[in-house]
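To start, the structure itself, in structure tokens.
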Amino acid sequence: MANLNPAAQALARIKQDKQSNLAVAADLTDANSLVKLVQQVGDSICVLKTHIDVISDFTPDLITTLLDLKKQYNFLIFEDRKFADIGNTVKLQYGGGIYRIADWADIINAHVVPGPGIIEGLWEIGKTKGAGLLLLAEMSSAGNLATGDYTKTAVAWAQKYSDFVIGFIGMKKLVDDPKFVTMTPGINFADKSDKLKQQYVTPEQAIQGGSDIIIVGRGIYGASDPSLAAKQYREAGWGAYNSL
Ligand code: S5P
């Protein structure tokens, strides 16, 4: 059965409407550059993934602009905050502070290392907002510790909290259950790695491994023509999905 979480439902709809399984990792560090990128790639993406805390000139106006762009281009906003603390602390980080993530992010993510209290804490804030949570069941970087039983535990907790958990950050399909989406980072046509142990596969490899959404950062925003690059990644991702 499909996931009834509002963010999961919206994501499924947008994917179909836009024929896109592409998320852009918009890791730019000033507001103008971020907004410009979204204008360039907005038509091609189903998800805008942000790291709001890397923006050097953040003001709440940026959020207003991003929400306008979200309406204009029809995508979900995934704040890649990677929460990793006890339930009480992540509630404060998610709902408050300067960024007030809960007020605007459709999707957030969390490490499972603190235990299930992190999910319960985030849920106390996120459930009234219709937000969806991705668990970091696996990671893309070489030498990471999210493997084996750790990954299996993340999958088990996703099942337990599936009103709120809509899927995983994972490198491949981790469980055969349509309730969950797998979003896969570490995607690049040209590179195999970066200098800091990021590891890349192609869109085709990720989708053939059972991923639902490809997350592309430098492959798009680092390209000489980000708009064209986004179109190419969207075509590769959607094409791979259609030829499964
Ligand atoms: O395991 C992970 C999880 C994530 S969310 N590996 C990752 O690279 N990410 C994120 O995906 C990372 O924070 C960055 O925003 C994006 C990858 O960017 P790229 O430039 O390497 O494509």
Filter result for the condition that a residue is more than 18 Å from GLY132 (Cβ to Cβ), open to solvent by 60 Å² or more (accessible area, probe 1.4 Å) and not in a loop (DSSP other than H, G, I, E, B), over ASP53, ASP57 = ASP53
Name the residues in the range 45-71 that are away from the ligand (no atom under 15 Å from the Cβ) and under 18 Å from GLY237 (Cα atoms), would you?
-> CYS46
Of the residues in the range 96-110, those that are surrounded by fewer than 19 Cβ atoms within 10 Å (Cβ to Cβ) and on the phi < 0 side of the Ramachandran plot come to GLY96, ILE98, ASP103
So how many residues does the range 204-222 have that are within 11 Å of the ligand (Cβ to nearest atom) and open to solvent by 30 Å² or more (accessible area, probe 1.4 Å)?
-> 3
What do you reckon, is LEU62 open to solvent by 20 Å² or more (accessible area, probe 1.4 Å) and among the aliphatic types (A, V, I, L, M)?
-> no
Restricting the search to the range 72-90, which residues are in a helix (DSSP H, G or I) and either within 12 Å of the ligand (Cβ to nearest atom) or buried (at least 23 other Cβ atoms within 10 Å of the Cβ) (or both)?
-> VAL90
Which of (1) touching a residue at least 60 places away in the same chain (Cβ under 8 Å); (2) open to solvent by less than 10 Å² (accessible area, probe 1.4 Å) is the odd one out, the single condition LEU34 does not satisfy?
-> (1)
Taking into account only those residues within the range 1-31 that are surrounded by fewer than 22 Cβ atoms within 10 Å (Cβ to Cβ) and among the β-branched types (Val, Ile, Thr), which is nearest to SER243 (Cα to Cα)?
-> ILE14
Near pairs, Cβ below 8 angstrom, 6+ apart or cross-chain, from the range 77-97 (more than 18 Å from THR128 (Cβ to Cβ)) to any residue that is open to solvent by less than 60 Å² (accessible area, probe 1.4 Å) and of a type in the set (D, E, K, R) = PHE78/LYS49; PHE78/ASP106; ASP80/LYS49
Qualifying positions in the range 91-105 - hydrophobic (A, V, I, L, M, F, W, C) and either over 19 Å from the mean Cα position of the chain (by Cα) or not in a loop (DSSP other than H, G, I, E, B) (or both) = LEU92, ILE98, ILE101, ALA102
Can you pull out the residues in the range 106-134 that are in a loop (DSSP other than H, G, I, E, B), of a type outside the set (Asp, Glu) and in contact (Cβ under 8 Å) with a residue 40 or more places away in the chain?
-> VAL112, PRO116, GLY130, ALA131
Restricting attention to the range 121-150, which residues are under 22 Å from LEU196 (Cβ atoms), acidic (Asp, Glu) and open to solvent by 50 Å² or more (accessible area, probe 1.4 Å)?
-> none
For ALA156, work out the one condition from (1) more than 16 Å from the ligand (Cβ to nearest atom); (2) under 23 Å from ILE119 (Cα atoms); (3) under 17 Å from the mean Cα position of the chain (by Cα); (4) small (Gly, Ala, Ser) it doesn't fulfil.
-> (3)
Select from the range 167-203 the residues that are among the aromatic types (Phe, Trp, Tyr) and more than 9 Å from the ligand (Cβ to nearest atom) and write down the one among them that is most open to solvent (accessible area, probe 1.4 Å).
-> PHE189
ALA240 passes all but one of (1) over 19 Å from THR50 (Cα atoms); (2) assigned to a helix (DSSP H, G or I); (3) within 12 Å of the ligand (Cβ to nearest atom); which number fails?
-> (3)
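The values are calculated or read from the model by the stated rules, or taken from the named source; none is laboratory data. Given the structure is predicted, the values throughout are model-derived calculations rather than measurements. Backbone-built Cβ (ideal geometry, glycine too); neighbour counts: all protein chains shown. Ligands, DNA and RNA are stripped out before the accessible areas are found, and what is left, the full protein with its side chains, is counted by its heavy atoms. Shrake-Rupley method; radii C 1.70, N 1.55, O 1.52, S 1.80 Å.
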